[in-house]
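The values are calculated or read from the model by the stated rules, or taken from the named source; none is laboratory data. Note that the structure is a prediction, hence the values are computed from the model and not measured. Backbone-built Cβ (ideal geometry, glycine too); neighbour counts: all protein chains shown.
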Amino acid sequence: MTTIAANMQAVRDRIACAAQGAGRPPSSIALIAVSKTWPAEYIAAAHACGQRAFAESYAQEAMEKMKPLAHLPLEWHFIGPLQSNKTRPIAEHFHWVHSVEREKIAARLNEARPERLPPLNVCIQVNVSGEASKSGVAPGQEPVLARAIAALPRLRLRGLMAIPEPTRDAGLQRRRFALLRELKDGLVAAGFAVDTLSMGMSDDLEAAILEGATMVRVGTAIFGERIKS
Ligand SMILES: *Cc1c(COP(=O)(O)O)cnc(C)c1O
C-alpha cells in the first residue's frame, strides 16, 4: 500500500513537471486513476492519498468494487467498450463515460440516466491512429455524433477521448494528441461547449499534457503492471 502512495506522488510530480514545460497550471490537468483489474482496497489506498477520480473498463467488475467503497466520495469514470446491454448500470453508477462512439449507445445512456442525478458527462472516443482494432469514430465523424449527443437532455457532452497506438516515438505521440486537440477546437468553433481532452496514459502522459490534455488516465504507473488488461 505504501507503494501506491509513492507511485501517486511520482505521477503527480510527472504531471506537474509536464505542466510546467507546457506553461500550464498543474491544476488544469485532472488525474484519473485507472483501477481496472485491481481490488477495492487499492482504490481505498489511493483515496487515502487524496485521489478522488477512478476509472474502470468493465461494468460488472466496477459495480462489485463500488459497493464496499460507497462510503467514500469517489468520482467514477467509465473508459471501456460500451455494449448495449450494459448501458443501464453505467448510466446509474458513473459520473463520466469517456468511450461513446455510437449514437445508439448515447441514446441508451440518455434513457437510463436517472432523473435524480445530474446529466452524465460524456466524451466521444476518436480513433486517432486509424487502427482497425481500435474503438472510436474516425477523425471527422465526431461533429455528427456531437450533434446527436447535444440533443440528449440527460447527457452532457464534455469533449473527446483517444487511445493512440503505443509508441516510444515522442514525435508521433504528440502528433496523435495534437490531432485530438484540433478536433476538439473544431467542435468549439462549431459552437459546442466542450472543455475536455481525455488523453495520456502511464507511458505518454507528458506528450498529452504538452498537447493540451485536461484529463490523463493512469493505471500502471499508480497500481503496477496488470496481469490481464
Ligand atoms: C487501461 C487503460 C488506461 C490506463 O493505461 P496505463 O497504461 O495502465 O496507464 C487508460 N485508458 C484506457 C481507456 C484504458 O483502458
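Which residues, counting only those in segment 14-38, are loosely packed, with under 14 Cβ neighbours inside 10 Å and in a loop (DSSP other than H, G, I, E, B)?
Of everything in segment 14-38, those that are loosely packed, with under 14 Cβ neighbours inside 10 Å and in a loop (DSSP other than H, G, I, E, B) turn out to be 23, 25.
Considering segment 175-219 alone, what residues qualify as being of a type in the set (Lys, Arg) and either crowded, with 18+ Cβ neighbours inside 10 Å or within 16 Å of the chain's Cα centre (by Cα) (or both)?
Residues satisfying the conditions are 176, 181, 184, 217.
Determine which single condition residue 95 fails, assuming it passes every other condition in (1) away from the ligand (no atom under 15 Å from the Cβ); (2) closer than 27 Å to residue 195 by Cα; (3) more than 14 Å from the chain's Cα centre (by Cα).
The one condition residue 95 does not meet is (3).
Please tell me if residue 117 is in a loop (DSSP other than H, G, I, E, B) and at pLDDT 95 or above.
yes
So how many residues does segment 194-229 have that are more than 18 Å from residue 16 (Cα to Cα) and either near the ligand (Cβ under 10 Å from one of its atoms) or out of contact with any helix residue (DSSP H, G or I) (no Cβ under 9 Å at 6 or more places or on another chain) (or both)?
8
How many residues does segment 123-139 hold that are out of contact with any Gly (no Cβ under 9 Å at 6 or more places or on another chain) and either of a type in the set (A, V, I, L, M, F, W, C) or modelled with pLDDT of 95 or more (or both)?
3
Kindly provide the set of residues from segment 42-72 that are more than 14 Å from the ligand (Cβ to nearest atom) and in contact with a His (Cβ under 9 Å, 6 or more places away or on another chain), ordered by number.
The answer is 63, 66, 69, 72.
Scan segment 77-114 residue by residue and report those that are touching a strand residue (DSSP E or B) at 6+ places or on another chain (Cβ under 7 Å) and either at positive phi or part of a helix (DSSP H, G or I) (or both).
Within segment 77-114, the subset touching a strand residue (DSSP E or B) at 6+ places or on another chain (Cβ under 7 Å) is 77-82, 90-91, 93-101, 106, 109-110, 113.
Once the filter is applied, which keeps residues that are touching a strand residue (DSSP E or B) at 6+ places or on another chain (Cβ under 7 Å) and either at positive phi or part of a helix (DSSP H, G or I) (or both), segment 77-114 yields 90, 91, 93, 106, 109, 110.
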